[in-house]
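Colleague: I'd like to ask some things about the structure below.
The values are calculated or read from the model by the stated rules, or taken from the named source; none is laboratory data. Owing to the predicted nature of the structure, the values given are computational and were not obtained by experimental measurement. Using ideal geometry, Cβ is built from the backbone for each residue, glycine included, and neighbour counts are taken over all protein chains shown.
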Amino acid sequence: MKSKAALKRIIETLKELYPEGLCSLQYEKDYELLFAVRLSAQCTDERVNKVTPALFARFPTLESFAEANPEEVGQYIHSCGFFNGKARDLVACAQQLLERHDGKVPDTMEELTALPGVGRKTANLILGDVYGQPAYVCDTHCIRITGRLGITDGSKDPVKVEQQLRKAIPPKESSAFCHRMVLFGRDTCTARSPRCQNCPLKQDCDTGKSL
């Protein structure tokens, strides 16, 4: 396991690189973030941000989503991939939010993961970004980079990675840390051909130090 000193250096370096540490998905309403995260599955945030303005203009309320024909929703999100399943999830999720939660996005892991199309990654993001709770969002970037750094044991299982991060990263840093992992994964620690030679985290990276 990483030393506390190494973890602190990693966290502080990432803060310097990405001061805001925010989600790159664009939204105005809480449920819009929930829906945008669902659309981002196996799709880039950049693509989702190109799709959601027209989608949210056509369906401006939770009620309009709940009453929508999934086929029409699918036409707006076609370029996000797996659009049929995602469209069904958005409509069903809107219906459940209205029927079971008075139109509000719930604030517990159990209630969030009971919604159609919502897994732990999405639930953690909502808990962190919307409700300011400790949140460990284990997407592919976070899983890959924390494994390379040696913060986790290299597991590809999101639940195991989340459990290990909860022991390593302070709760107050958790949400922003995971967002910074995404940004760092796009800029430097890419899936293919990571830029290890000029990496600002190299001194504390198990992979980088082995090169």
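Colleague: Of everything in the stretch 142-161, what is free of Cβ contacts under 8 Å to residues at least 60 places away in the same chain and surrounded by 22 or more Cβ atoms within 10 Å (Cβ to Cβ)? Give them in sequence order.
Modeller: Result: Cys142, Ile143, Ile145, Thr146, Thr152, Val161.
Colleague: What helices (runs of 4 or more DSSP H), lying completely within the stretch 126-211, carry at least 1 residues that are farther than 24 Å from Glu20 by Cα?
Modeller: On the way: elements: 140-149, 158-168, 171-187, 206-210.
Counting at least 1 such residues, we get 158-168, 206-210.
Colleague: Provide a single number: the residues in the stretch 76-99 that are exposed (fewer than 14 other Cβ atoms within 10 Å of the Cβ) and in contact with a helix residue (DSSP H, G or I) (Cβ under 8 Å, 6 or more places away or on another chain).
Modeller: Residues flagged as exposed (fewer than 14 other Cβ atoms within 10 Å of the Cβ) and in contact with a helix residue (DSSP H, G or I) (Cβ under 8 Å, 6 or more places away or on another chain) within the stretch 76-99 amount to 2.
Colleague: Among the numbered conditions (1) modelled with pLDDT under 95; (2) within 14 Å of the chain's Cα centre (by Cα), tell me where Leu39 comes up short.
Modeller: (1) is the only condition that Leu39 fails.
Colleague: Going through the stretch 1-47 one residue at a time, which ones are within 15 Å of Val182 (Cα to Cα) and in contact with an Asp or Glu (Cβ under 7 Å, 6 or more places away or on another chain)?
Modeller: Ile10, Ile11, Cys23, Ser24, Leu25
Colleague: Would you check which residues across the stretch 145-173 are among the basic types (Lys, Arg) and either more than 17 Å from the chain's Cα centre (by Cα) or over 22 Å from Ala191 (Cβ atoms) (or both) and list them?
Modeller: Scanning the stretch 145-173 gives Arg148, Arg166, Lys167, Lys172.
Colleague: If you don't mind, there's one more thing I want to ask. So which residues in the stretch 5-23 are modelled with pLDDT under 95 and surrounded by fewer than 17 Cβ atoms within 10 Å (Cβ to Cβ)?
Modeller: Hits for the stretch 5-23 are Glu20, Leu22.
Colleague: Here's another thing I want to ask about it. Can you name the condition, by its number, that Gly117 falls short on among (1) assigned to a helix (DSSP H, G or I); (2) closer than 20 Å to Asp45 by Cβ; (3) of a type outside the set (Asp, Glu)?
Modeller: (1)
Colleague: If Thr146 passes every condition in (1) at pLDDT 95 or above; (2) more than 28 Å from Phe35 (Cβ to Cβ); (3) among the polar types (S, T, N, Q) but one, which one does it miss?
Modeller: Every listed condition holds for Thr146 apart from (2).
Colleague: Residues that are surrounded by fewer than 20 Cβ atoms within 10 Å (Cβ to Cβ), out of contact with any Phe, Trp or Tyr (no Cβ under 8 Å at 6 or more places or on another chain) and at pLDDT below 95: does the stretch 162-180 have at least one?
Modeller: No.
Colleague: May I pose another question? Quick one: which residue in Thr207, Thr190 is in contact (Cβ under 8 Å) with a residue 24 or more places away in the chain, of a type in the set (S, T, N, Q), surrounded by fewer than 20 Cβ atoms within 10 Å (Cβ to Cβ) and more than 18 Å from Glu12 (Cα to Cα)?
Modeller: Every option except Thr207 fails the conditions.
Colleague: A follow-up question, please. Pairs needed: first member in the stretch 99-119, over 21 Å from Phe82 (Cα atoms) and not assigned by TED's automatic domain parsing to the domain that holds Thr61; second member anywhere, exposed (fewer than 15 other Cβ atoms within 10 Å of the Cβ) and modelled with pLDDT of 95 or more; C-beta distance under 8 Å; at least 6 residues apart or different chains.
Modeller: Close Cβ pairs satisfying both conditions: none exist.
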